[in-house]
Amino acid sequence: MHTLDQLESGALAGAREVRLCNQGLTAIPPALFALADTLELLDLSGNQLSSLPAEFARFARLRVLFASHNPFTELPSVLGQLPELEMVGFRACRIAEVPPHSLPARLRWLILTDNCLTSVPDALGERPRLQKLMLSCNQLTALPASLVRCNRLELLRMASNRFTAVPEVLLQLPQLAWPALAGNPLTQASEQQLHAAAAAKALPFADLEVGALLGEGASGHIYRARNTRSGTELALKIFKAAHTSDGTPQSELAAGMAVTHHPQLLTPLAAVSGLPQGQLAMALPLLPEGMQPLAGPPSLRSCTRDVYAPGVSLSSCAAQHILAQISGAVRHLHYSGVLHGDLYAHNILWNPQTGAAMLSDLGAALLTRGLPTAQVRALQQIELRALHILRDELYAVAR
């Protein structure tokens, strides 16, 4: 992170990346324009910006702009004048409008999660490089039909909006592999039914002895815990966020409770009730020693593709074994009426010594029960694209 003092003193002269987060900015600092010929990444998150000046178009080399947690009410039109801009992130602002001319020609990755959108423009379909579109936690009821022209769109997040049916255009996207749709009216009845059933069988928090923190993700903290009544060791996930780009804790818990046990799936044992501050929580099996993520999540450069550690190598037999296990887990999910929505190597836990693999993280999962049969089949075919991408990645690192 950088400071305003560093910028104004000239300490950032020639910088390609500048991060001026949480600086209390209400306007773009004049000193920033001295970097117009070099700046490629700019992070202005956590300030008090509500507009960008016309002069912002001077940043002709800017490729990545983050401006989340600012009081913008519309996506700034000047962004459409930036010739190299391909990643735009305005999460948790107050954006209610996306002017068609605000969308950069080279747009590849657009984040508008947690805003006030009731619609998005037809012009999205005129951005052929669009690969990742994140629209969760808005007030959308439809998607523009023009989106079907986005032939490279692979990841689409639409959770926690106001969709009463699966948008037909979603089912027509030729490269879509990772959709998220939970927390919409189209699944509300199923989610409520599963929540009621889970609440009736919830594990009391008072029965748990909470131990060390095992890990932390975007949606919550995971602790080692012990059921004092049964003596069982388990993992306790306490949700911390009301929602993420994938969906809500309520949707994640409902999806988990819809799935019966499978050895290659990490699903909850029970909901946990009675937490001191009323948080949502669930009990999970304690993972065997040696389990680790198969890959890291996508980077700014890779966009929708996981990042494998440098030098990682699998035998062809190991790759086939992982793929067979995860394929079985996906079949079980689909049979149970659940779409995973985030079928990635970074959500696969793997033991390099034993070869055991488990699919985890149902944060983007969708309940398909009650949806038209043809739509369910189409959604499952979309998820199989993600499985095929995983297959290709595993074979690429196999020796």
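Quick note: the coordinates plus some simple rules give every number you see, no bench work behind them. Quick caveat, the model's predicted, so the values are computed rather than measured. So basically every Cβ, Gly included, is an ideal-geometry build from the backbone, and we count neighbours across all protein chains shown.
Once the gyration tensor of the Cα atoms in segment 187-284 is diagonalised, the equivalent ellipsoid follows with semi-axes of 20, 16, 14 Å, ordered largest first. The slack in the chain from S50 to L384, taken as 0.36 nm per residue of separation less the alpha-carbon distance, amounts to 116.1 nm. Estimated at 0.36 nm per residue, the fully extended path between E209 and T228 surpasses their Cα-Cα distance by 6.2 nm.
Protection proxy ranking, highest mean first, for peptides 303-314, 28-39: 28-39, 303-314, where packing is the per-residue count of other beta-carbon atoms within 10 Å, averaged. Near the amide H of L314, within less than 5 Å, lie the amide hydrogens of A398, R399, all on another chain or at least 5 residues away, with H placed in the peptide plane. As a rough footprinting exposure proxy, the listed residues K240, K201, K132 were ranked by other beta carbons within 10 Å of their own, and the order from fewest upward is K201, K240, K132.
Using a 10 angstrom cutoff on alpha carbons, build the Gaussian network for the chain and name the most mobile of E252, E55, E383. Fluctuation is largest for E55. Taking every DSSP helix (H) stretch of at least 4 residues in the chain, weighting each as -39,500 (n - 2.57) and dividing the sum by the residue count yields a mean residue ellipticity at 222 nm of -6500 deg cm²/dmol. Arranged from fewest to most other beta-carbon atoms within 10 Å of their beta carbon, T3, T373 become T373, T3. Mean sequence separation of contacting Cα pairs (under 8 Å, at least six apart), scaled by the length of segment 1-138, corresponds to a relative contact order of 16 percent. Going through [x] 20.3; [y] 37.2; [z] 22.1, the figure that equals mean projected area of the Cα convex hull in nm² as computed for the structure here is [x].
Give, in whole angstrom and from largest to smallest, the semi-axes √(5λ) of the equivalent ellipsoid of segment 244-399, with λ running over the eigenvalues of the Cα gyration tensor.
Numbers: eigenvalues 136, 75, 47 Å².
Square roots of five times the eigenvalues give 26, 19, 15 Å.
Considering only the other residues whose Cβ falls under 11 Å of the Cβ of L35, what net charge follows from Lys and Arg at +1 and Asp and Glu at -1?
After counting each charged neighbour, the total is 0.
Computed over the chain with a Gaussian network model linking Cα atoms closer than 10 Å, the most mobile of E191, E97, E289 is E289. Computed from the C-alpha gyration tensor, the three semi-axes of the ellipsoid equivalent to segment 108-249 are 37, 17, 12 Å, from longest to shortest.
Of the residues C21, A96, L32, the one whose Cα sits farthest towards the positive end of the charge dipole of segment 1-152 is A96 (charges of +1 on Lys and Arg Cβ, -1 on Asp and Glu Cβ, taken about the Cα centre). Comparing G46, G14, G296 in a Gaussian network model of the chain, where Cα atoms under 10 Å apart are tied by springs, the biggest mean-square fluctuation is seen for G14. Taking a straight line from the alpha carbon of K240, these aspartates and glutamates sit under 17 Å away, with near neighbours fewer than eight places off in the same chain left out: D114, E216, E252, D361. The spacing between segment 1-69 and segment 290-326, judged by their C-alpha centroids, is 35 Å. Provide, in order from the shortest bin, the percent of all Cα-Cα pairs of segment 4-184 in each 10 Å bin, continuing until the bin that contains the maximum pair distance. Answer for segment 4-184: a P(r) of 10, 38, 32, 15, 4, 0 percent. Extension gain for T73 to F33 (0.36 nm times residue separation, less C-alpha to C-alpha distance): 12.0 nm.
Ranked by the mean number of other Cβ atoms within 10 Å per residue, highest first, peptides 338-345, 256-263 order as 338-345, 256-263. Residue by residue, segment 302-307 carries 3J(HN,Hα) couplings of 7, 6, 10, 10, 4, 10 Hz when phi is fed to the Karplus relation 6.51 cos²θ - 1.76 cosθ + 1.60 (θ = phi - 60°); x denotes Gly or Pro.
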